[in-house]
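Engineer: One structure follows; several queries about it will come next.
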Amino acid sequence: MDSVSLPPSSQAMSASLTIPLGERSYPILISAAGPSALLQQPLPKGTAALIVSNTTVAPLYAPALQQVLAGHYPQVHSVTLPDGEEHKNWQTLNLIFDALLRHGCDRKVVLYALGGGVVGDMTGFAAACYMRGVAFVQLPTTLLAQVDSSVGGKTGINHPLGKNMVGAFHQPQLVLCDLSALDTLPARELAAGMAEIIKYGPIADMQLLAWLEQHMDALLARDRQALAHAVKRSCEIKAQVVGADEREAGLRAILNFGHTFGHAIEAGMGYGQWLHGEGVAAGMVMAAELSQRLGLVEAAFVQRLRALIARAGLPVRGPVLDATDNAGRYLELMRVDKKAEAGAIRFVLIDQPGRAVLRAAPDALVREVIDACCAP
Ligand code: NAD
Ligand code: GLY
């Protein structure tokens, strides 16, 4: 992985990294220049481009992108999806196929995912499936998508019984993180993205955790340079992990720290009630608590993580999913998880600050953690 450092604060600040995947390697460009930054990159050649966005993001950013792409492709089409995690399903995915077929797109079409993780995951999945696989480009417009979901090629949709349970690995050809798009992001969504940045600390880089402790106020105030550093460092860590284990044979599971509990929260509350990053935030506290109760880390580490998550404005306690048997409901939901094996839930735990392991835990202990970590 090569990288260049960011120049001091400037509108055109940019950095680029490469996801090292042999012939499927691709660049991540971090810039604040809007879609025109695409002009710095060779774009995938194609007979047409399809911009996939949603009802919130398209009015803000699709016209400028359309203009840039019109200089590259003979035809530029667009499709606008309904906004929300609750729409990350087959019905919405089908709107992308409808548009591709209605416009007569062939297998040289290039899909452009313009939006957050929901649009990115669905566009990538549509690209993986259409005519058995076409090219796509990620233009992530949320912090969460810039630091995590746009990178690494996990695509898919939710099922009512389980989060992200239907999907495919399909790598994009290019990721452009436009920091200026974060200016219009609601504060709650910015905080949700912070959860996935914090995640990289306990699993891989305690220096990043310390940096976040120093710069959380600047990040929440949308300081461009602080955001640029956080996005770049997050993408570097993710690039290393994905480069080593693209299809999650083992190592890549560490990127799911907090997600086993978090996915249960999202599905149990009903998709869209708790944001993905909010579920991950409370889930990280629970996973850290479980690590402590298994004797892997000290209570001080759990407290440090909890304090940082709270400072980001994120929940540190999970919701009650069932008034009669809350822990039982969490366990039921967590058994529908891609990391589960033969019905046994496997958790990403911290075995020393900056290092994660994947392992099972006794149900009784997990119940204790849920009882201790959920708000009445
Ligand atoms: P999201 O895509 O729902 O976006 C959040 C909200 O912000 C939406 O209402 C969206 O319309 C709006 N929005 C997006 N960009 C905006 C902008 N610039 N200005 C104003 N509003 C904007 O949510 P998200 O947090 O980006 O992504 C969450 C999804 O990502 C979940 O479905 C999760 O499962 C998935 N995810 C995938 C991976 C992966 O590796 N593929 C990793 C992490 C998360
Ligand atoms: N967000 C988890 C992963 O990409 O593996």
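Engineer: Go through the stretch 334-345 residue by residue and tally those that are touching a Lys or Arg at 6+ places or on another chain (Cβ under 9 Å) and without any contact (Cβ under 8 Å) to a residue 40 or more places away in the chain.
Structural biologist: Total meeting the criteria: 3.
Engineer: Which residues, counting only those in the stretch 187-201, are touching a helix residue (DSSP H, G or I) at 6+ places or on another chain (Cβ under 6 Å) and within 11 Å of ligand 1 (Cβ to nearest atom)?
Structural biologist: LEU190, ALA192, GLY193, ALA195, GLU196
Engineer: Specify the residue that is nearest to ligand 2 (Cβ to nearest atom); the eligible residues are those in the stretch 101-158 that are in a strand (DSSP E or B) and of a type outside the set (A, V, I, L, M, F, W, C).
Structural biologist: Per the stated criteria, the residue is LYS154.
Engineer: Could you grab the pairs with beta carbons closer than 8 Å, sequence gap of 6+ or different chains, first residue in the stretch 20-39 and without any contact (Cβ under 8 Å) to a residue 60 or more places away in the chain and more than 11 Å from CYS177 (Cβ to Cβ), second one assigned to a helix (DSSP H, G or I) and of a type in the set (A, V, I, L, M)?
Structural biologist: Close Cβ pairs (under 8 Å, with a partner that is assigned to a helix (DSSP H, G or I) and of a type in the set (A, V, I, L, M)) amount to SER36/ALA64; SER36/VAL68; LEU39/VAL68.
Engineer: Of the residues that sit in the stretch 182-197 and are away from ligand 2 (no atom under 16 Å from the Cβ) and in a helix (DSSP H, G or I), which one is surrounded by the most Cβ atoms within 10 Å (Cβ to Cβ)?
Structural biologist: ALA191
Engineer: Out of the residues in the stretch 202-240 that are among the charged types (D, E, K, R), within 17 Å of ARG355 (Cα to Cα) and part of a helix (DSSP H, G or I), state the one that is nearest to ligand 1 (Cβ to nearest atom).
Structural biologist: The residue in question is LYS238.
Engineer: Might you let me know whether the stretch 218-239 holds any residue that is closer than 22 Å to ALA340 by Cβ, in contact with a strand residue (DSSP E or B) (Cβ under 6 Å, 6 or more places away or on another chain) and either at pLDDT 95 or above or buried (at least 23 other Cβ atoms within 10 Å of the Cβ) (or both)?
Structural biologist: Within the stretch 218-239, none of the residues are closer than 22 Å to ALA340 by Cβ, in contact with a strand residue (DSSP E or B) (Cβ under 6 Å, 6 or more places away or on another chain) and either at pLDDT 95 or above or buried (at least 23 other Cβ atoms within 10 Å of the Cβ) (or both).
Engineer: Any idea which of (1) among the small types (Gly, Ala, Ser); (2) without any contact (Cβ under 8 Å) to a residue 40 or more places away in the chain; (3) more than 9 Å from ligand 1 (Cβ to nearest atom); (4) buried (at least 24 other Cβ atoms within 10 Å of the Cβ) is the one GLY133 doesn't satisfy?
Structural biologist: Of the numbered conditions (1) among the small types (Gly, Ala, Ser); (2) without any contact (Cβ under 8 Å) to a residue 40 or more places away in the chain; (3) more than 9 Å from ligand 1 (Cβ to nearest atom); (4) buried (at least 24 other Cβ atoms within 10 Å of the Cβ), the odd one out for GLY133 is (4).
To keep it simple, each residue is scored yes or no on (1) among the charged types (D, E, K, R); (2) under 24 Å from GLU278 (Cα atoms); (3) near ligand 1 (Cβ under 6 Å from one of its atoms); (4) in contact with a Phe, Trp or Tyr (Cβ under 6 Å, 6 or more places away or on another chain).
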{"site": "VAL137", "(1), (2), (3), (4)": "no, no, no, yes"}
{"site": "THR141", "(1), (2), (3), (4)": "no, yes, yes, no"}
{"site": "ALA145", "(1), (2), (3), (4)": "no, yes, yes, no"}
{"site": "SER150", "(1), (2), (3), (4)": "no, yes, no, no"}
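Engineer: Here's something else I'd like to know. Name the pairs: first residue in the stretch 317-333 and surrounded by 15 or more Cβ atoms within 10 Å (Cβ to Cβ), second residue among the hydroxyl-bearing types (Ser, Thr, Tyr), Cβ to Cβ under 9 Å, at least 6 apart or on different chains?
Structural biologist: Within 9 Å, the pairs are GLY318/TYR330; LEU321/TYR330.
Here's the yes/no breakdown for (1) touching a residue at least 40 places away in the same chain (Cβ under 8 Å); (2) crowded, with 19+ Cβ neighbours inside 10 Å:
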position: GLY277; (1), (2): yes, yes
position: MET284; (1), (2): yes, yes
position: GLY295; (1), (2): no, no
position: ALA299; (1), (2): no, no
position: VAL302; (1), (2): no, yes
position: ARG311; (1), (2): yes, no
position: LEU314; (1), (2): yes, yes
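Engineer: Separate question: Run down LEU95, LEU81, LEU65 and say which single residue is surrounded by 14 or more Cβ atoms within 10 Å (Cβ to Cβ), over 20 Å from the mean Cα position of the chain (by Cα), under 30 Å from ILE265 (Cβ atoms) and within 16 Å of ligand 1 (Cβ to nearest atom).
Structural biologist: LEU95
Engineer: Hey, any hits in the stretch 204-211 for a residue that's hydrophobic (A, V, I, L, M, F, W, C) and closer than 26 Å to ILE345 by Cα?
Structural biologist: Taking every residue of the stretch 204-211 in turn, at least one turns out to be hydrophobic (A, V, I, L, M, F, W, C) and closer than 26 Å to ILE345 by Cα.
The values are calculated or read from the model by the stated rules, or taken from the named source; none is laboratory data. Predicted model only: the values in this text are computed from it and were never measured. Cβ coordinates were reconstructed from backbone atoms using ideal geometry, including for glycine residues, and neighbour counts include every protein chain displayed.
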